[in-house]
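Asks: The structure under discussion is supplied below as structure tokens; questions concerning it will follow.
The values are calculated or read from the model by the stated rules, or taken from the named source; none is laboratory data. The model shown is predicted, which means the values in this text are computed figures rather than measured ones. Here the Cβ is made from the backbone with ideal geometry for all residues, glycine too, and neighbour counts use every protein chain on show.
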Amino acid sequence: MSMHTLYNLVTGPLAWAAFAIFIGGMLAKFIYLTYLAKKKDPTVFAYLSTKHVIRSWFMWSVPFVAKNWRLRPLFTVVTFAFHISLLAAPIFLMAHVMMWSEGVLGISFWTLPDQVADWMTVIVIVCCVYFAVRRMIVPEAKYVTDIKDFLMLILVALPFITGFLAYHQIGDYKVMIILHIVSGEVWLAMIPFTWLGHMILGPMVRGYMGSEFGAVRHVKDW
Amino acid sequence: MTVDTQEKKIIEDPGIDQGAAKLTPEKIAQVINTTLGTENLARLYAYTKTCVHCGLCSDACHYFLSHDRDPKYSPVGKIKNTLWPMIKNKGKVSVEFMKEAARIAHTECNLCRRCVQYCPFGIDTAFMISTVRRIVHKLALTPQYIQDTAHSHAATMNQMWVKEDEWIDALMWQEDEARDEFPDFRIPLDKEGSDVYYSVIGPEPKFRTQLIYQAAAIFHEAGVDFTMPSGTGWDNSDMCMFTGDFEMMGRLKRDHYESAMKLKVNKIVMGECGHAYRSVYDMGNRWLGWREMPVPIIHSIQYFYELLMAGKIKVASTIDKLATFHDPCNTVRGMGLHEMGRAVAKAFVPNMVEMYPNREHNYCCAAGGGVINCGPPHKMTRVHGNKIKAEQLKATGAELIVAPCHNCHGGLEDIVHHYKLDMEIKFLGDIIYEHMVKTKAVEE
């Protein structure tokens, strides 16, 4: 298989498959949990309160508001920098947006300056290293960490490492860009099947607990 | 840490040990799979799938902090040693594993829900530990002492094997006693159409009868139109909620509410108890499918606050000791009553100092969640497991702890004693009764 065919494969059918699995998987998770709650756990809906869902989301999305964020400043900075970069860099990278605008979507949207995206990539990689080291040396994290948790971090870091190398033309660009695309696709496709799914389940649990604490128990949940 | 491990090995509990002797791996698997496969599925699914194993819940737990940050005491560590293997192995776990799970779930977690406030997702570890206890209950592995109280609930509808005549006698005895102080004093039984139905916990008629006297005296002085039932329903406590015997929990709560409804009262006021509040306001009603309460239920903290603010009880004298306020989990993380509690305490004890952390972030007493009810065999588990509470109390320099919850009293007394803190512990009712203006009392 020539490099060109391979490129077409990973940017064509494989990309479609990855996005389909990612979006379909997340939707399925959302629908399944909602169905399960309706059928087997109806008190969840009985006490859901929009105001407190939003309040809880907001309070936990701002660094240093929640008590636990304030107790561990370094971790807080790292986790916020990580999550913001992790989402913003791939979505708003000029090269990615161009693929959307010239390709399927035909729309263009706001992009990050390349230099900013480049730094964000570095941040994601460094944060992954931090998380891995933390899982090795902080006893309460180490105690509940197994090999899968490290694989998860590698899975997340790989598209960023390869993207960084490709952008800076380190190594064989053609190989690197294909590795970048493939690792990104594997990452996307794995989200619904691993704890990376906290992307959708996290806000659902947060919202529910925000309602319980806010609407039922009349107390802060942060 | 090594001392701890050894200590754990020698804790024997006939409830756990004799129950385990009758178990087979097949029975364990069947019970685990039916429970995890049919009950509260959505929350269980969401909590277990969302957890990223970060350990951020750890700093919330008094057991973890008291054991020099030993990770097996962290909230997620306890889930790792109980629920995770049950799910992962599809119920195929050993009898020894279940014994350990029963011990962890019943004596190393107070279901205080502090960790819920520390998890960035709000994962409810207390809910998962409750689910473990539910499995333990179905396998008949529940620690003996708390199982005895659950049996009492089932046989007598109260926690302490109090017979009906003993209950009525306890009330009449207190009425009789109080008439020396307040000549017109009554504890009206079954008075239909009263404003307030006052409910207490089993231990009050059994061995803390003065608390009934005090509460009734406060109501009498405040001119409250109240009643207490002569039949079952008077006990708002609920150990079945903590053993995972939810069927019995439902029966207890229905009896409690129906007894109030029969008397056509406007509201139920309950004594200074934390867990009972969780049972009547949070857990029991849900089991019965009641979103709202059929009769409004008000905790004493709130009721005393309302009486004080309305000027129905007035301050005659104040206590000049330095005091601190202990927030019970179930009245703060369960209802946010921290400011009201402080306002009442401060009116009588102006010299108050905060413990840190406080309010909704307060450390648990380590007695709640049914842990103290597991009895003497497990006493040191909770006392050693709450060294952090002793440190927190000591740092205040206070001589008096105001704690509006029975379980907290039990737990704090043991801690104060073991760590030699020389602090007194009082209920709000204690200080109000002693220091309110008594216009209806005989003059001395």
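Asks: Restricting to the range B:301-312, name every residue that is under 27 Å from the mean Cα position of the chain (by Cα) and closer than 16 Å to B:TYR433 by Cβ. Lay out the reasoning, then the answer.
Replies: Taking the range B:301-312 as the starting set, the residues that turn out to be under 27 Å from the mean Cα position of the chain (by Cα) are B:301-309.
Residues satisfying the conditions are B:ILE301, B:TYR303, B:PHE304, B:TYR305, B:LEU307, B:LEU308.
Listed here are the residues, each with its yes/no results for (1) out of contact with any Cys (no Cβ under 6 Å at 6 or more places or on another chain); (2) not aliphatic (A, V, I, L, M).
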position	(1), (2)
B:ALA310	yes, no
B:PHE325	yes, yes
B:PRO328	no, yes
B:GLY341	yes, yes
B:MET380	yes, no
B:GLY385	yes, yes
B:LYS389	yes, yes
B:GLY411	no, yes
B:HIS417	yes, yes
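Asks: Also, I was wondering about something else. Please tell me if B:ASP180 is free of Cβ contacts under 8 Å to residues at least 60 places away in the same chain, out of contact with any His (no Cβ under 7 Å at 6 or more places or on another chain), farther than 30 Å from B:ARG43 by Cβ and not assigned by TED's automatic domain parsing to the domain that holds B:ALA29.
Replies: Numbers: free of Cβ contacts under 8 Å to residues at least 60 places away in the same chain: no; out of contact with any His (no Cβ under 7 Å at 6 or more places or on another chain): yes; farther than 30 Å from B:ARG43 by Cβ: yes; not assigned by TED's automatic domain parsing to the domain that holds B:ALA29: yes.
When the stated conditions are applied, B:ASP180 does not pass them.
Asks: Just to check your reading of the model, which residue among B:CYS364, B:CYS329 is out of contact with any Phe, Trp or Tyr (no Cβ under 7 Å at 6 or more places or on another chain), within 12 Å of chain A (Cβ to nearest Cβ) and crowded, with 24+ Cβ neighbours inside 10 Å? Before the answer, list the steps.
Replies: Working: B:CYS364 fails: within 12 Å of chain A (Cβ to nearest Cβ).
Being out of contact with any Phe, Trp or Tyr (no Cβ under 7 Å at 6 or more places or on another chain), within 12 Å of chain A (Cβ to nearest Cβ) and crowded, with 24+ Cβ neighbours inside 10 Å holds for just one of B:CYS364, B:CYS329, which is B:CYS329.
Asks: Could I ask something else about it? Which of the residues spanning the range A:108-152 are within 14 Å of chain B (Cβ to nearest Cβ), assigned to a helix (DSSP H, G or I) and either over 30 Å from B:LYS78 (Cα atoms) or in contact with a His (Cβ under 6 Å, 6 or more places away or on another chain) (or both)?
Replies: Within the range A:108-152, the subset within 14 Å of chain B (Cβ to nearest Cβ) is A:127-128, A:130-152.
From the residues that got through so far, the ones that are assigned to a helix (DSSP H, G or I) too are A:127-128, A:130-137, A:139-142, A:147-152.
The answer is A:ASP149, and nothing else.
Asks: Under 7 Å between Cβ atoms, at least 6 apart or on separate chains: pull out the pairs that start in the range B:424-443 with a residue that is farther than 20 Å from B:GLY274 by Cα and end on any residue that is among the acidic types (Asp, Glu) and not in a helix (DSSP H, G or I).
Replies: Every condition considered, the pairs that remain are B:LYS440/B:ASP184; B:ALA441/B:GLU181; B:VAL442/B:GLU181.
Asks: Now for a different question. Restricting the range B:55-73 to residues that are more than 9 Å from every other protein chain (Cβ to nearest Cβ) and more than 22 Å from the chain's Cα centre (by Cα), which is surrounded by the fewest Cβ atoms within 10 Å (Cβ to Cβ)?
Replies: Checking each candidate, the answer is B:ASP68.
Asks: Can you say whether B:ALA345 is in the same structural domain as B:PHE427 (by TED's automatic domain parsing), at pLDDT 95 or above and over 20 Å from B:PHE242 (Cβ atoms), as far as the supplied structure shows? Working first, answer last.
Replies: Numbers: in the same structural domain as B:PHE427 (by TED's automatic domain parsing): yes; at pLDDT 95 or above: yes; over 20 Å from B:PHE242 (Cβ atoms): yes.
Judged against the criteria, B:ALA345 is a match.
Asks: Please work out if A:HIS168 is at the interface with chain B (Cβ under 8 Å from one of its Cβ atoms), surrounded by fewer than 15 Cβ atoms within 10 Å (Cβ to Cβ) and at pLDDT 95 or above.
Replies: Details: at the interface with chain B (Cβ under 8 Å from one of its Cβ atoms): no; surrounded by fewer than 15 Cβ atoms within 10 Å (Cβ to Cβ): yes; at pLDDT 95 or above: yes.
The answer is no for A:HIS168.
Asks: Is one or more of the residues making up the range B:88-104 within 12 Å of chain A (Cβ to nearest Cβ) and within 20 Å of A:THR145 (Cα to Cα)? It would help to see each step written out before you state the result.
Replies: Within the range B:88-104, the subset within 12 Å of chain A (Cβ to nearest Cβ) is B:88.
Now restrict to residues that are within 20 Å of A:THR145 (Cα to Cα): B:88.
Taking every residue of the range B:88-104 in turn, at least one turns out to be within 12 Å of chain A (Cβ to nearest Cβ) and within 20 Å of A:THR145 (Cα to Cα).
Asks: Pairs under 9 Å by beta carbon, first residue within 14 Å of chain A (Cβ to nearest Cβ) and closer than 25 Å to B:ILE388 by Cα in the range B:334-356, partner of a type in the set (Gly, Ala, Ser) and assigned to a loop (DSSP other than H, G, I, E, B), six or more apart or different chains?
Replies: B:GLY334/B:GLY274; B:TYR356/B:ALA395
Asks: Further question: Which members of the range B:388-414 meet the condition of being surrounded by fewer than 24 Cβ atoms within 10 Å (Cβ to Cβ), in contact with a Leu (Cβ under 8 Å, 6 or more places away or on another chain) and part of a helix (DSSP H, G or I)?
Replies: Within the range B:388-414, B:ILE388, B:ALA390, B:LEU393, B:LYS394 meet the criteria.
Asks: Tell me the residue from B:VAL52, B:VAL76 that is within 14 Å of chain A (Cβ to nearest Cβ) and under 24 Å from the mean Cα position of the chain (by Cα), please.
Replies: On the way: B:VAL52 fails: under 24 Å from the mean Cα position of the chain (by Cα).
Criteria check complete, one pass: B:VAL76.
Asks: Right, here's the next one. Take the range B:6-31 and flag every residue that is acidic (Asp, Glu) and at pLDDT 95 or above. Let's see the steps before the verdict.
Replies: Here is the first cut: in the range B:6-31, the ones acidic (Asp, Glu) are B:7, B:12-13, B:17, B:26.
If the condition is that a residue be acidic (Asp, Glu) and at pLDDT 95 or above, then B:ASP13, B:ASP17, B:GLU26 are the ones that fit.
Asks: Enumerate the pairs (first residue in the range A:165-189 and more than 16 Å from A:PHE19 (Cβ to Cβ); second residue anywhere and of a type outside the set (Phe, Trp, Tyr) and in a loop (DSSP other than H, G, I, E, B)) with beta-carbon separation below 6 Å, excluding pairs fewer than 6 apart on the same chain, so at least 6 apart or on different chains.
Replies: A:LEU165/A:GLY171
Asks: Could you check the range A:1-75 for helices (runs of 4 or more DSSP H) lying wholly inside it with 1 or more residues that are among the aromatic types (Phe, Trp, Tyr) and more than 13 Å from chain B (Cβ to nearest Cβ)?
Replies: Numbers: elements: A:3-11, A:13-40, A:43-46, A:50-61, A:67-71.
Correct list: A:3-11, A:13-40, A:50-61.
Asks: One residue is enough: does the range A:50-71 have a residue meeting the conditions under 18 Å from A:LEU201 (Cβ atoms), buried (at least 18 other Cβ atoms within 10 Å of the Cβ) and over 25 Å from the mean Cα position of the chain (by Cα)?
Replies: Looking for residues that are under 18 Å from A:LEU201 (Cβ atoms), buried (at least 18 other Cβ atoms within 10 Å of the Cβ) and over 25 Å from the mean Cα position of the chain (by Cα), one finds none in the range A:50-71, hence no.
Asks: Quickly run through the range B:264-289 and pick out the residues that are within 21 Å of the chain's Cα centre (by Cα) and without any contact (Cβ under 8 Å) to a residue 40 or more places away in the chain.
Replies: Residues satisfying the conditions are B:ASN285, B:ARG286, B:LEU288.
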